[in-house]
Structures are given as C-alpha cells and as structure tokens.
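**Student:** One structure follows; several queries about it will come next.
We did not get these values from a lab; they are worked out from the coordinates using the rules stated. Computed from a prediction, not measured in an experiment: that's the story for all the values here. Note that each Cβ is placed from the backbone with ideal geometry, even for glycine, and that neighbours are counted across all protein chains shown.
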Amino acid sequence: MELSPEEYGAYWRASIRVAGGVLILFLAVRLTSPLLAHPNPGAIGLGVFLLAALVFAGCFATMLGVARVVRTAVDAEMRG
C-alpha cells in the first residue's frame, strides 16, 4: 500500500483519534469508579451519567478514527 504524504498524514491523524478515544474510555472507567462505589444514590446517579457520557464520547472518537483509517487504506488500494 503506497501512501501519498497527504494520505500518510490523514492515516496518523486518524490513528491519534483512535488512541484518544481509547484513552477517554479508560479514563471514564477510572474517573467514575469512585462515584459508582459510593453509598449515596446521588453520587451513583452522577457516576452513571458521567460514565455513559464519556463512553459515548470515547466510542464516537474511536469510530471516527477507525472510519478514517479504513477510508485512507481503501483509497490507497484503489489508486494503486
């Protein structure tokens, strides 16, 4: 697979987006676990909300990156 400089840059930007999404998912679990372990129902509710919001954001960023990586690879294969 031969990548042009523009495709190479797009590939790495997309890879960084995937890594960022995975990092958000990891931090979501680490940041919300104390809230979910708390006996107060308000803290648990806040923890569930934060976990859901961060998981959504992490999955969204990861899927955008994966889609861009696949698109760049397909474009490079179709051209070559």
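**Student:** Restricting attention to the stretch 20-49, which residues are among the small types (Gly, Ala, Ser) and exposed (fewer than 13 other Cβ atoms within 10 Å of the Cβ)?
**Tutor:** SER33, ALA37, GLY42, GLY45 - these are the residues of the stretch 20-49 that are among the small types (Gly, Ala, Ser) and exposed (fewer than 13 other Cβ atoms within 10 Å of the Cβ).
**Student:** Restricting to the stretch 1-32, and then to whatever is aromatic (Phe, Trp, Tyr) and out of contact with any helix residue (DSSP H, G or I) (no Cβ under 7 Å at 6 or more places or on another chain), can you tell me which residue is farthest from MET63 (Cα to Cα)?
**Tutor:** Among them, the one singled out is TYR8.
**Student:** Identify all residues within the stretch 5-49 that are touching a residue at least 40 places away in the same chain (Cβ under 8 Å) and not aliphatic (A, V, I, L, M); write none if there are none.
**Tutor:** GLU7, TYR11, ARG13, SER15, ARG17, GLY20, GLY21
**Student:** For the stretch 5-19, which residues satisfy the criterion of being charged (D, E, K, R) and surrounded by fewer than 16 Cβ atoms within 10 Å (Cβ to Cβ)?
**Tutor:** Those that are charged (D, E, K, R) and surrounded by fewer than 16 Cβ atoms within 10 Å (Cβ to Cβ): GLU6, ARG13.
**Student:** Condition first: among the polar types (S, T, N, Q) and either farther than 14 Å from VAL18 by Cα or part of a loop (DSSP other than H, G, I, E, B) (or both). Now tell me which residues in the stretch 39-63 satisfy that.
**Tutor:** Answer for the stretch 39-63, where residues must be among the polar types (S, T, N, Q) and either farther than 14 Å from VAL18 by Cα or part of a loop (DSSP other than H, G, I, E, B) (or both): just ASN40.
**Student:** State whether the residues of the stretch 65-76 include one that is in contact with an Asp or Glu (Cβ under 6 Å, 6 or more places away or on another chain), loosely packed, with under 12 Cβ neighbours inside 10 Å and either outside any helix (DSSP H, G or I) or not acidic (Asp, Glu) (or both).
**Tutor:** No.
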